[in-house]
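Below is one structure; the comments refer to it alone.
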Amino acid sequence: MTRNHPIRILLAIIVLFSLFTLACSKPSQDEDVPSLKILILGGTGFIGPWEVEAAQARGHEVTLFNRGKTRPGLFPDLEKLRGDRDPDKDDGLTALAGREFDVVIDNSGYYPRHVKASATLLGPNVRQYIYISSISAYGNTSIEGQDETAPVATMDDPTLEEMGPNYEYYGALKALCEQAAEEAMPGRVTVVRPGFIVGPGDTTHRFTYWPLRVRLGGEMAVPGHSDDPVQVIDVRDLTEWIIRLAEQNAVGVYNGCGPDRTLTMGEIVETAKSVTDSDVTFTWLSTDFQEENPEIQFPIWVPYEGEYKGFHTFSNARSIATGLKFRPLTETIAATLERFDTLPDEERAEVMTRIPPEGEADLIESRRE
């Protein structure tokens with residue numbers, strides 16, 4: 001009989017302990033997650049492709065329904081159903097008739113009539129309807145720290161199907177869409193109200209503005225004060241969490257904003273400076289600059305006062321309790337710049353015409369007077 005060497009015994013114990021620790025640390029919701037059949041209404045814009053990747057990474061089967069006009073070549077191996085959200089246009093929702101899915105993720109519902117039509121048609125054959133709404137659905141943004149129970153926006157004519165010249169009806173329409181889904185599928189609807197969604201692939205370039213401008217260097221005008229709160233959520237964090245909401249069959253309303261602490265405007269630009277190794281310096285404008293320069297609008301930032309004082313302070317405690325997590329801001333900034341640098345020359349050039357904004361030098365000079 002051979003003798004067990006003490007070192008071999010110690011190594012065996014270490015390996016067994018490591019395996020035990022790994023098994024115990026694995027999230028319980030990942031142990032036996034059944035494969036879901038997920039239908040995404042839209043799926044080829046900004047958040048849709050990230051939802052597809054998150055769903056596929058976790059073993060789910062995905063089908064897309066859209067008009068086939070935005071990046072139709074994406075995901076050639078997925079089932080794609082063609083139609084229109086408006087049931088009165090062309091073939092409308094005909095391609096969805098009789099189809100069965102576990103979960104529907106509605107990224108493209110902007111008018112309650114459209115959402116009601118899809119939720120009513122799919123309701124008998126669907127377990128859960130996830131509607132992607134907006135933090136703009138809330139009616140009062142002057143109050144800090146509001147949660148999902150806060151009153152939503154309303155409009156005089158709920159049948160109106162237009163956003164308005166300045167998108168003034170956007171929030172109320174989103175709230176009406178939420179209600180339309182719940183009326184069609186009571187108790188089976190999940191409403192996600194994101195704030196500003198940022199990160200790689202954002203075609204609005206609202207957040208992209210800040211790291212791009214920082215990377216240019218020089219003296220940079222920054223609105224407000226360095227400690228003004230800002231809520232942004234990386235598109236990858238948002239979409240991974242949406243898929244987990246589907247796995248949990250978590251219904252109700254959730255604020256999809258972040259992070260899990262108070263993020264400030266100062267931290268955003270200082271972090272961008274660190275990531276880009278820029279020589280930029282910052283001139284803070286306070287908020288009174290808008291009185292004399294109303295035409296200059298900085299993206300994402302809103303005055304931390306008056307009717308907007310609570311806009312970047314919504315509570316996300318309920319969402320965090322269901323598993324919403326946030327990656328470091330450095331990762332979001334780096335990935336945003338990396339994706340921007342791969343865009344076609346003409347697209348990058350067009351964005352750069354807005355950076356810095358026209359009149360920035362005059363704003364900076366006015367601070368010195």
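Just one of the numbered conditions (1) assigned to a strand (DSSP E or B); (2) without any contact (Cβ under 8 Å) to a residue 12 or more places away in the chain is not true of Glu182: (1). Looking only at segment 252-292, residues that are at pLDDT below 95 and either of a type in the set (S, T, N, Q) or farther than 22 Å from Leu216 by Cβ (or both) come to 6 in all. Out of segment 102-118, which residues are surrounded by 22 or more Cβ atoms within 10 Å (Cβ to Cβ) and either free of Cβ contacts under 8 Å to residues at least 24 places away in the same chain or part of a strand (DSSP E or B) (or both)? Val103, Val104, Ile105, Asp106, listed by residue number.
Of everything in segment 286-314 that is over 21 Å from the mean Cα position of the chain (by Cα) and β-branched (Val, Ile, Thr), the residue that is nearest to Ile197 (Cα to Cα) is Ile296.
Is it fair to say Ser134 is under 13 Å from Ala181 (Cα atoms), in contact with a Gly (Cβ under 8 Å, 6 or more places away or on another chain) and touching a residue at least 12 places away in the same chain (Cβ under 8 Å)? When the stated conditions are applied, Ser134 does not pass them. Contact annotation: residue pairs with Cβ atoms under 8 Å, 6 or more positions apart or on different chains, pairing a residue in segment 232-256 that is surrounded by fewer than 20 Cβ atoms within 10 Å (Cβ to Cβ) with a partner that is of a type in the set (Asp, Glu), are Gly252/Glu148. Pro294 fulfils the conditions (1) outside any strand (DSSP E or B); (2) closer than 18 Å to Trp210 by Cα except for a single criterion, (2). Residues satisfying the criterion are present in segment 63-71 (criterion: under 21 Å from Ala181 (Cα atoms) and of a type in the set (Phe, Trp, Tyr)).
Of these, Arg215, Arg244, which one is part of a helix (DSSP H, G or I), within 21 Å of Glu53 (Cα to Cα) and not acidic (Asp, Glu)?
Values: Arg215 fails: within 21 Å of Glu53 (Cα to Cα).
Arg244 is the lone residue from the list that is part of a helix (DSSP H, G or I), within 21 Å of Glu53 (Cα to Cα) and not acidic (Asp, Glu).
Within segment 259-271, residues that are free of Cβ contacts under 8 Å to residues at least 40 places away in the same chain have Cβ atoms under 8 Å from residues that are aliphatic (A, V, I, L, M) and part of a loop (DSSP other than H, G, I, E, B) in these pairs: Thr264/Val230, counting only partners at least 6 apart in sequence or on another chain.
In the list Pro165, Pro223, Pro186, which residue meets the criterion of being closer than 24 Å to Phe46 by Cβ and not hydroxyl-bearing (Ser, Thr, Tyr)?
Numbers: Pro223 fails: closer than 24 Å to Phe46 by Cβ; Pro186 fails: closer than 24 Å to Phe46 by Cβ.
From the options Pro165, Pro223, Pro186, the qualifying one is Pro165.
Residue-wise test of (1) farther than 26 Å from Ile197 by Cβ; (2) in contact with a strand residue (DSSP E or B) (Cβ under 8 Å, 6 or more places away or on another chain); (3) not charged (D, E, K, R).
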position: Thr44; (1), (2), (3): no, yes, yes
position: Gly48; (1), (2), (3): no, yes, yes
position: Gly59; (1), (2), (3): no, no, yes
position: Gly73; (1), (2), (3): no, no, yes
position: Arg85; (1), (2), (3): no, yes, no
position: Thr94; (1), (2), (3): yes, no, yes
position: Phe101; (1), (2), (3): no, yes, yes
position: Asp106; (1), (2), (3): no, yes, no
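How about segment 144-157: which of its residues are surrounded by 15 or more Cβ atoms within 10 Å (Cβ to Cβ) and more than 19 Å from the chain's Cα centre (by Cα)? Within segment 144-157, Ala150, Val152, Ala153, Met155 meet the criteria.
In the condition set (1) within 16 Å of Asp228 (Cα to Cα); (2) out of contact with any Leu (no Cβ under 7 Å at 6 or more places or on another chain); (3) part of a helix (DSSP H, G or I), Thr271 is compliant with all but (2).
The values are calculated or read from the model by the stated rules, or taken from the named source; none is laboratory data. What you see is a predicted model; the values in this text were computed from it and never measured. Virtual Cβ from ideal backbone geometry, glycine too; neighbours counted across all protein chains shown.
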